[in-house]
1. Considering only the range B:287-305, I want to know if a residue exists there that is assigned to a helix (DSSP H, G or I), in contact with a Gly (Cβ under 6 Å, 6 or more places away or on another chain) and either of a type in the set (D, E, K, R) or surrounded by fewer than 17 Cβ atoms within 10 Å (Cβ to Cβ) (or both).
2. For the range B:244-280, name all the residues that are of a type in the set (A, V, I, L, M), within 12 Å of chain A (Cβ to nearest Cβ) and assigned to a helix (DSSP H, G or I).
3. Restricting the search to the range B:166-187, which residues are of a type in the set (S, T, N, Q) and at the interface with chain A (Cβ under 7 Å from one of its Cβ atoms)?
4. For the range A:437-551, which helices (runs of 4 or more DSSP H) that fit wholly inside it have 1 or more residues that are crowded, with 19+ Cβ neighbours inside 10 Å and in contact with a Ser or Thr (Cβ under 8 Å, 6 or more places away or on another chain)?
5. Considering each residue of the range A:495-545, count those that are touching an Asp or Glu at 6+ places or on another chain (Cβ under 7 Å), among the hydroxyl-bearing types (Ser, Thr, Tyr) and farther than 28 Å from residue A:264 by Cβ, and give that number.
6. Which residues, counting only those in the range B:40-65, are more than 7 Å from every other protein chain (Cβ to nearest Cβ), in contact (Cβ under 8 Å) with a residue 12 or more places away in the chain and assigned to a helix (DSSP H, G or I)?
7. Can you tell me which residue among B:203, B:260 is under 30 Å from residue B:154 (Cα atoms) and surrounded by fewer than 17 Cβ atoms within 10 Å (Cβ to Cβ)?
8. Hey, could you check the range A:417-434 for residues that are out of contact with any helix residue (DSSP H, G or I) (no Cβ under 6 Å at 6 or more places or on another chain) and assigned to a loop (DSSP other than H, G, I, E, B) and say which is farthest from residue A:472 (Cα to Cα)?
Amino acid sequence: MKRTAILLVSIMLVASMILSGCFAKQQPQTLTVGCEGTDGIFNQNYTNSSYSTWAINLLFEGLIMLDKTGTYVPAAAKEWKVSEDGLTYTFTLRDNLQFSDGKPLTAEDVEYTYLMVADPKYDGMLVDNVVDFKGFAEYSAEGSTLTAMEGIKVIDKKTIAFTFAEKKRTNLAKLGLGIMPKHYYVFEKGNVAATASLNDKPLGAGPYMIEKYEPNQYISMVKNPKYWDAKAIKIDRVVIKSVDSATEMDELQTGKIDLIPGSVEADKRDTARNDANLAVYEFPRSGFGYINFNCSEVAATHEKEVRQALSYAFQGEAVIDTLFTSETGTKLAKTQSVPFSQVSWAFTDELLKEVTSYTYDLAKANKILDDAGWAKGADGIREKNGKKLIIKMAAMPEHPILDSLVPLLQKWWGEDIGAKLEVEYMEFNAILDYISTNADTNEDKWDCFFLANTFPSADPDSVRTSYASDEIKNNGQNTNRLKNEELDAMFKEAVKIIDQEAAKKAYIDIFKLLTEENPTLVVYANVYADLASKRLKGHEPGPLFSWELNIKNLTLEPVADAK
Amino acid sequence: MAKYLLKRLLNLIPVILIISLILFMILKLMPGDTVSAYLGQRKVTEEQRQMMIQNLGLDQPIFVQYVKWLWQSLQGNLGESLIHRKPVVEIMGSFIWNSFMLNIVAFIAAFAVSIPVGIKSAVKKYSLYDNAWNVFSLMGISLPSFFFGLLLIFGFGVFLQIFPLNGMVTAGYLHANGFERALDILWHMVLPATVLMIIDVASLTKYMRNSMLEVIKQDYVRTAKAKGLKDKVVIYRHAFRNAMLPLVTLLGLYIPGLFSGAVILETIFIWPGIGRVLFEAITRRDYMLLMASNMMFAVLLLIGNLLADIGYAMVDPRIKY
């Protein structure tokens, strides 16, 4: 028995030593990126995972793409023109574009890409890209027999024109979808779901093509020789691998992966800084964690004075110091006074000067409430017109931030200002039910909630729906239920200004009004970091410019010595 | 016996139906639904949202939805997962197979170790061997699996660099043939299977030991020894065959476990098994996938129970149905 045990163990050790040599990483020019795992849906129409989106951006290319400054530049299209009235965008494709199977890419494929999303039975997330096209309603109506949309016109094999119903600065951003081959993703109108079977077998015209996909493990991609700019691609292979938070640093340090994008934890950043082979790239998040107040009539936070007082009583800097600063002093987030993306072109110093900043001022908070008629009762809790200042918060249990934040809020929105905070714990989907899915029936059950938001666009118009009166409904986007018609009108006018510089003034006015109404209290805006091997060169990540968009500038130095 | 079997099988049918009804109701009564969970706070037109709800049949009364599900399932159509955009059967098939591979290896290894260890512990009661395994069992039962898993990963994966840190196959490596792939999988399986095995060994050795102790006390064993039979014959031919009975029952109850995945282990080892997939399905309210897999586990459990009873009857001649 003892002998067999020893024999077994020695066989295992020998075998593993032999095998570990067998499966070592093969080519030096393979970039391995770690993430929580793709959903295996390499189809922009249906994916729900930002990690799959990395792969999609490498496998497919659109007419235009974003550069590191957040401006749209030509990609598959070599140029485009805008009509006089600002409604029509005409694109000219580059010469000799091909998909990775060798078949030519023409304007018909571009049209096809958008018709897929406009299909009457399309049930993915990209509808917003086509909803503003002229003729969308007619094409996408159930039972419609139209084979083409008025707003998408194929002029010739290399030219295509898109016409929108309204002139909006945000229209151009809709035209960046990765071009999908008509001959491969075949379906009959009304049955676009048939293309879902090809979700893990993508075919596109991007810089890479798929090599192998192992579900819940990794996807590997190789350089696409048919890509029009193939000579600009310096990395031969890309592998996107699932990693686990507990072991990802070990994988990075032992060279099994080369890049961890979007890392949040401080200790990992410190480990990387102390490792001679690793580099840390920090950048601000395009998004934030926030508390939304219920502005509807039945809520305790209905009056803007109450919302303002709560914000003045909120110790924003203290939150950053206690919850978002590591022992080594690394700051993982900062405060933010306006509720839209801090990497937006509209987020200027001028704007910050004009808006109301709710820096901690307890005396002011109390004064605002006193002046608004909220008198302290015998129990120390303020009341007005028979209504007590009791604030009901919907919060997720066992949440890393809320666990520390709630006790703080109970004091700041409790004895500090003469109010009372009542917390109702519920799971994320239940909160969604309260504030969105069944928002109308539940509007009297909560006064505030805590969630986080990421803005995939730098355009400040992307927050319009969060504060629009017509979005106060079940499944609406306006979860704070703010109803301000002047604000609605200002947003509608501001999006018509095509030039970004000219639009900045309009948004200063908008956010001045919005911060006065103060439906949203921004709690923290993270500082994210990409952790990478020093062998990776040319990496310049931004919150809206992740590594794969910059693939043409990335190179990987060969390993210094074989292990 | 055949009559008994038939009766048991027929009894399973109403039980399965009731389980499916209760399961369905529980899933539907949870707040939140597939479409809301899928869209989150994303923007879609109202018409599109309604279309999605209609496509999934979520606008109909719960009981109607149940009957529709039942009717489709009996015809073999277990539905499609909105999250994965694939038929439920396809998803379950691929991921359950991965979990099964891991579980069966751990299972066989656990039994292969527990049985001889349990027998020897019983025969040499209170010896150093017995006490050592006792302590080891206690540790195995008390140590949380993820902790032990992480320990192995850091020890053998990071520090000694003998075994891979995680995954089922080497990322980015293209296998030349099926044999190479099988070898890669086996090599990746060592650490997670060890963790699973240790947990099982801890309890199985105790079972085996206690069962053996019960039997060794018996008179017929004394007689066998007195007859002058060799120790090995007494232990294995007489004592063990009777001590094995409770373990046979255990085998039947282990069957459903073989097809399910340990969520925690699969997460830290990045093993593409069914455990993680189902955990995600719960948070994302993937009703079709949840119904199909939970029903499968329920059926496996019932059949496992039945097999255990039958097995017991076959091994123990005293039991007559």
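The values are calculated or read from the model by the stated rules, or taken from the named source; none is laboratory data. Model, not experiment: these values are computed from the prediction. With ideal geometry, Cβ positions are generated from the backbone for all residues, glycine too; neighbour counts draw on all protein chains shown.
1. no
2. Step one: of the range B:244-280, the residues of a type in the set (A, V, I, L, M) are B:244-245, B:247-248, B:250-251, B:253, B:255, B:258, B:262-265, B:268, B:270, B:274, B:277-278.
This time we only want the ones that are within 12 Å of chain A (Cβ to nearest Cβ), so: B:264-265, B:268, B:270, B:274, B:277.
B:264, B:265, B:268, B:274, B:277, listed by residue number.
3. Scanning the range B:166-187 gives B:166, B:170.
4. A:439-442, A:500-517
5. 0
6. The answer is B:53, B:62, B:65.
7. Values: B:260 fails: surrounded by fewer than 17 Cβ atoms within 10 Å (Cβ to Cβ).
Of the residues listed, the single one that is under 30 Å from residue B:154 (Cα atoms) and surrounded by fewer than 17 Cβ atoms within 10 Å (Cβ to Cβ) is B:203.
8. Result: A:418.
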